Amino acid sequence: MDAIDFLKHIHNEIGLVDLILFDPPYSQRQSEDKYGGITNVYTTPGYVKDIFTQMVRMLSHRGRIIKLGYNSTRHSDCLELVDIELLNFGGNRNDVILSIWEKTSISFDEFEGEEE
């Protein structure tokens with residue numbers, strides 16, 4: 001299932017959440033090996049930003065997103081960096097950046113039809 005469709009489904013089913021883990025495949029090979037050819041989320045321009053927009057919409061105030069990846073990019077003005085760690089797996093495996101983001105403000109864009 002597409003990530004954005006999945007997030008919308010979860011949001012419709014349970015509403016707001018306190019914690020989201022974001023750990024997508026980071027290469028086409030990894031996508032194909034793990035998920036049967038679903039495209040790498042970073043190959044479509046703007047797609048990760050769209051995913052984060054949906055995650056912020058469904059995140060409760062002070063809720064957190066744990067992001068694993070090779071960058072610590074902030075994808076929303078509503079999120080503040082709480083912590084950042086470098087995970088070293090040793091050998092020939094790439095290090096992974098773990099960043100924890102907290103929703104600290106609510107924007108009118110997050111809720112359709114509601115005003116600030």
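The values are calculated or read from the model by the stated rules, or taken from the named source; none is laboratory data. The structure displayed is predicted, hence computed values, not measured ones. Cβ sites come from the backbone with ideal geometry, for glycine too, and all protein chains shown count toward neighbours.
Restricted to the range 50-100, and to residues there that are buried (at least 16 other Cβ atoms within 10 Å of the Cβ) and assigned to a loop (DSSP other than H, G, I, E, B), the residue that is modelled with the highest pLDDT is Cys78.
Filtering the range 88-105 to residues that are under 23 Å from Asp18 (Cβ atoms) and without any contact (Cβ under 8 Å) to a residue 12 or more places away in the chain leaves nothing.
If you filter the range 24-49 down to residues that are in a loop (DSSP other than H, G, I, E, B) and either within 15 Å of Arg74 (Cα to Cα) or in contact with a Lys or Arg (Cβ under 7 Å, 6 or more places away or on another chain) (or both), you find that the one that is modelled with the highest pLDDT is Gly46.
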